[in-house]
1. Restricted to the range 210-226, and to residues that are under 15 Å from the mean Cα position of the chain (by Cα) and closer than 22 Å to residue 28 by Cα, which residue is surrounded by the fewest Cβ atoms within 10 Å (Cβ to Cβ)?
2. If you check residue 105 against the conditions, is it in contact (Cβ under 8 Å) with a residue 12 or more places away in the chain, under 20 Å from the mean Cα position of the chain (by Cα) and not assigned by TED's automatic domain parsing to the domain that holds residue 162?
3. Among the residues of the range 186-224, how many are within 18 Å of residue 35 (Cα to Cα) and in contact with a strand residue (DSSP E or B) (Cβ under 7 Å, 6 or more places away or on another chain)?
4. What single numbered condition from (1) assigned by TED's automatic domain parsing to the domain that holds residue 227; (2) closer than 19 Å to residue 217 by Cα; (3) touching a strand residue (DSSP E or B) at 6+ places or on another chain (Cβ under 8 Å) fails to hold for residue 74?
5. Could you look through the range 229-265, keep only residues that are closer than 23 Å to residue 190 by Cα and free of Cβ contacts under 8 Å to residues at least 60 places away in the same chain, and pick out the one that is surrounded by the fewest Cβ atoms within 10 Å (Cβ to Cβ)?
6. Checking residue 83 against (1) free of Cβ contacts under 8 Å to residues at least 60 places away in the same chain; (2) in contact with a strand residue (DSSP E or B) (Cβ under 9 Å, 6 or more places away or on another chain); (3) within 24 Å of residue 173 (Cα to Cα), which single condition isn't satisfied?
7. Sort through 121, 163, 93 and tell me the only one that's more than 20 Å from the chain's Cα centre (by Cα) and either within 28 Å of residue 217 (Cα to Cα) or part of a strand (DSSP E or B) (or both).
8. Where in the range 1-77 are the strands (runs of 3 or more DSSP E), entirely inside, with at least 2 residues that are at pLDDT 95 or above and farther than 13 Å from residue 209 by Cβ?
């Protein structure tokens, strides 16, 4: 296995890696500072479509991590870029989701509609999801709208523990329609290709850092990246041992990863 020092660029998840809910994971700020000191390139790549990049900048700043907006890329942005390739501006979309996905879609010229006469149903993380929203989505899909999911994460790491994620919302709609959603975010390869292009980095010199085997690690492996799992979020040792998906490195958190990288520097 190559050394961590051979890695020149990092694609870093946020939920469960840098923070849980509104609480920073110990060592997160120091880890980002170390990457800067070492001249390492990095991009924060999140499957959570609820916030805009600006809102993520503000959230990180409250925790003492200063990040430029350009260093953040979300599944909401990836979804909007995908739809722009498939549909014209003015196309009507029904959205279950929060500011992140709504602003990303409107920025690309899509019209957000509240009725079932739409071409796409786009579903992202929504902490205010209701039966009425699920019903509208199901009716639109049954009427022929294409079903798009920003990300498949079943849970979301918080201070309280793992809570329902977007995958739970998608599952309800899939059950009601018998239609499987097209997933845009991790582990799909295109979002990693966008990240590599933004970093101007090659897969073999890039590592993904994540807390989730089925999105961060699987997606990284499929994209040809090195993979680093941290156990500070959605994955514990029992889940890791029972999984066919295995990362290149495993650390308790970014704090332990930082200690290893400092030792190799």
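1. Here the answer is 213.
2. No; evaluated as a whole, the condition is false for this residue.
3. 11
4. (1)
5. Top of the filtered list is 244.
6. Here residue 83 meets the rest and fails (1).
7. Just one listed residue meets the conditions, 93.
8. Here the list reads 72-74.
The values are calculated or read from the model by the stated rules, or taken from the named source; none is laboratory data. Just so it is clear, the model here is predicted, and its values are computed rather than measured. Please note: Cβ atoms are built from the backbone with ideal geometry, for glycine as well, and neighbour counts cover all protein chains shown.
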